[in-house]
Amino acid sequence: MIIFLREKFIAQIFMWIIAVVFIIGTIMLYGGSGGQQNSGTDGEVVVKIGTLEVSRGIFEDRISQAMRQQQQNPRFGGEPDRKVIIKSLINGYIQRVIEGSANITDAEVMHYIRSDENRVSTYNLYGPDVLEFYRYQLSESSLRDGIQNLELITDTEAEQDFQLKANKAKVKFIEFRHSEYVKLNNAQIEEVEKYFQENKPEIEKYFQENKEDYATEEQVNIRYININPSDFVTQTDIEQYYTDNQSLFMNPELVKARHILKKFPDRNNVTDEDRTSTKTAAEELLKTVKEEMAAGTSFADLAEKHSEDTGSAVDGGALGTSYDHLPEGKYFGRGQMVKPFEEACFDVLQPGEVSDLVESIFGYHIIQLEEKHPPSVKSFPEVESEIRGKLVQIDGVDGAEAVANDLIFEIEVADYETAIELDKYKDLSLESGETGFFSKGERNIPQIGSSGFYGGLAEEVFDMEVGVTNTIETKGFSNDVSAIFVVTVLGKKPPGIPELEDVKAQVIDDMERKKAKERAFADAQKLLDQRAEGGSLEELIKKYKAPEGTSIAEKTVQESSLFNLAAGSTYVPGMGDAKEAMFAAFDMSEGDVKGPFAGVSSTYVIELIERIEPDFEIYQTDPTQKVERYKTLLQSKKRDAYVNWLGARKKALAANVWIHEDYR
């Protein structure tokens, strides 16, 4: 059990609690549930789900957090999609409203808290604010149990599952990657145009047969100037702000200390007898500690040996976390420890001293104070980036807005090119251009960049009329202003099927991918046709010759691991998504060679090299087999039952969900 929480750990726990409470709309955050709304535009309600109301300010914060997390996580790849994130957040609100709908009394919540030591610790730290979080936990658990406990597994279901899982196959295969048969890959514009002219009838035919795939939303074309707020903040500005506001950049008062704890048997129910016996034992321990330290044993070694705070004992009783501006070790500040412990370290002890017994809610502590560090000013390099960001959002945005307003006047008098060439703008990194037509939902705005980083630009220009010029403030993933734009709408296109000329590059790419799959299949069939009766893949591969005009590498015979016909899966180890090959393997005899079988990204010729049939006698005689089947199937059934129930509830709740038009 960790007795003392470091500042970072406390922050993580509390933010986790707040994140969950935010989603379910508890009294801690939402006006609709009794919380305090933000004022002004930020306080406008933009999501209503039953009695839950979410303000614009809170919702935008959650969107920004999600976009930052997705951008920082390389697993997702690409730029965050604001629309997808909004949809996911609203879905999360709906789910948490449903899961928090069971009637849980205050008495049940308090009983739940008292039944777990960690929950008691959290409650002691944060008080009544965490009650709604635990109420939600109980509600979700109650609903889930009520749905899932109705599920049963029959003997027949268990037997069928055993037969499916125990029926296994292993294959050798020759792979024909579709991508190796694409003739026009990453082509330049000139190559695309040449290909189009040479294959125009075929391309036109393909487009006519698949034109619905290229249907577009409303599109807009804009002329723009991008004004970067960073241009209006100099290094001198940043240094001067640091000099004038050093009180804003202070390291807190910190101490370095170790402790040995003799804890109460049950700190949530300390009797007078417990207090007396624990203190007596602690006094004996204090005497032992002083004697052993006098004999040369370090306090850290004694803490590791004697302390009942197992979380810190392994580190010699050290508490806190590391700080970049201090020597290696753990430190903590005021407010991070219980009050008696804090007072002993900051107000009583001097470095090098060992305390007498210090009583807290956990028991009795023996403390050694090692170092004291008064508040100190952070160095300029530590805070330079923070100051820059702050000044950009204040002075930089003001400067960019002033230039944008001036530019609108200059554009009306002359034009875009003339305006940005004026001497008064020569020190600014103004970017001007024309986007070409794009849709509102595109992740990247042509010539400009990520629609997430320039949030709000697309939404604004689609509300403007053709010929109108406006200034637009955009916001990035952190909800900070990323740029000020001067924009003129040059044209709009209604939704519909585009002309082939407008999408020919995409049409050519799609057609080539389709033909590449056909070429790979034909190449595989050509090789398979050369197989001698009874011949293996190793013999067959020797006859392979790559088609002329391709750069296909020499092919090899590969081997999968054992696989079965898992429900809902078409994955074959080593091959990927290969449904046809998977099912074919279970209709083959060992040594058979068959194909070609088209997969998602490759075509295969396969040879069955191993087949394991289900041994039903094992299932009947080995009790663990039945237990495993029942357990696995029951978990799957319970999960599916809850997901289906939740889906039905979401549909039923849909009529009570209102979303502001800005987020639809």
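Site pair residue 235 and residue 164 shows an inter-label distance of 6.7 nm when each label is modelled 7 Å from Cα along Cα→Cβ. So what's the stretch 357-460 giving for Rg/Rh, alpha carbon basis, Kirkwood Rh from the mean inverse pair distance? A ratio of 1.34.
Compute the length gained on full extension between residue 558 and residue 626: take 0.36 nm times their separation in residues and subtract their Cα-Cα distance, giving the result in nm to one decimal. Separation in residues times 0.36 nm, less the Cα-Cα distance, equals 21.0 nm. In a fully extended conformation the segment linking residue 228 and residue 588 would gain 123.1 nm over its present Cα-Cα distance, using 0.36 nm per residue. Calculated from the alpha-carbon coordinates, the stretch 403-481 shows an Rg and a Dmax of 13.6, 37 Å respectively.
On a per residue basis, the chain carries 54 Å² of accessible surface, using protein heavy atoms and a 1.4 Å probe.
In this structure residue 592 has an accessible area near 50 Å², from a 1.4 Å probe over the protein heavy atoms. Once backbone amide H atoms are built at 1.01 Å from N, residue 316 has 304 as its partners under 5 Å, excluding neighbours fewer than 5 places away on the same chain. A protection proxy built from the mean count of other Cβ atoms within 10 Å ranks the segments 358-364, 422-428, most packed first, as 358-364, 422-428. For the listed peptides 156-165, 485-494, a ranking on the average number of other beta carbons within 10 Å per residue, highest first, reads 485-494, 156-165.
The alpha carbon convex hull volume per residue for the stretch 606-664 rounds to 176 Å³. Where does the Debye-calculated log10 I(q)/I(0) of the stretch 152-216 sit at q = 0.20, 0.26 Å⁻¹, using only Cα point scatterers of equal weight, no solvent? The Debye formula, applied to the Cα set alone, gives -0.99, -1.16. Note that the stretch 202-294 shows a convex hull volume over its alpha carbon atoms of 535 Å³ per residue.
Listed values for the stretch 197-209 are Karplus-derived 3J(HN,Hα) couplings in whole Hz (6.51 cos²θ - 1.76 cosθ + 1.60, θ = phi - 60°), namely 5, 6, 10, 4, x, 5, 5, 4, 5, 4, 5, 4, 6, and x replaces Gly and Pro. The 3J(HN,Hα) values that the Karplus relation (6.51, -1.76, 1.60; θ = phi - 60°) gives for the stretch 244-250 are, in residue order, 7, 9, 5, 5, 7, 10, 9 Hz. Gly and Pro appear as x. For residue 526, the aspartates and glutamates whose Cα falls under 18 Å of its own Cα, not counting residues fewer than eight places away in the same chain, are 175, 180, 518, 538, 539, 548, 554, 592, 607.
All other residues whose Cβ lies under 14 angstrom from that of residue 381 are scored, Lys and Arg at +1 and Asp and Glu at -1, for a net of -3.
Based on the Stokes-Einstein relation at 4 °C and a viscosity of 1.567 mPa s, and on the Kirkwood radius from alpha carbon pairs, the stretch 482-547 is assigned a translational diffusion coefficient of 76 µm²/s.
Across all C-alpha atoms in the stretch 451-523, the radius of gyration and Dmax reach 19.5, 57 Å.
Ligands, DNA and RNA aside, residue 150 has an accessible area near 130 Å² when probed at 1.4 Å. Using the Cβ-Cβ distance between residue 326 and residue 105 with R0 set to 35 Å, the FRET efficiency works out to roughly 0.10. Each peptide in 531-539, 278-286, 223-231 was scored by the mean count of other Cβ atoms within 10 Å over its residues; highest first, the order is 223-231, 278-286, 531-539. Across all directions, the average flat footprint of the convex hull enclosing the Cα atoms of the stretch 477-619 is 17.9 nm². Taking each of 514/545; 87/517; 492/650; 514/594; 514/637; 330/475 in turn, the alpha-carbon distance tops 32 angstrom for 87/517; 492/650; 514/637; 330/475.
Relative to its Kirkwood radius, the Cα radius of gyration of the stretch 293-389 gives an Rg/Rh of 1.05. In whole angstrom, how far apart do the alpha carbon centroids of the stretch 260-275 and the stretch 514-583 sit? The two parts, judged by their Cα centres, are 70 Å apart. The Rg/Rh ratio for the chain, using Cα coordinates for both the radius of gyration and the Kirkwood hydrodynamic radius, is 1.05. According to the calculation over all Cα-Cα pairs in the stretch 271-350, the P(r) per 10 Å bin from zero is 15, 37, 40, 8, 1 %. Label reach from residue 194 (point 7 Å along Cα→C-beta): in the stretch 542-576, amide nitrogens under 19 Å belong to 548-551.
Label point of residue 413 set 7 angstrom out along Cα-Cβ; within the stretch 457-490, amide nitrogens under 20 Å from it belong to 469-471, 486-488.
The values are calculated or read from the model by the stated rules, or taken from the named source; none is laboratory data. Since the structure is predicted, the reported quantities are computational estimates derived from the model, not experimental observations. With ideal geometry, Cβ positions are generated from the backbone for all residues, glycine too; neighbour counts draw on all protein chains shown. Heads up: the accessible areas ignore ligands, DNA and RNA and are worked out on the full protein's heavy atoms, side chains in. Shrake-Rupley method; radii C 1.70, N 1.55, O 1.52, S 1.80 Å.
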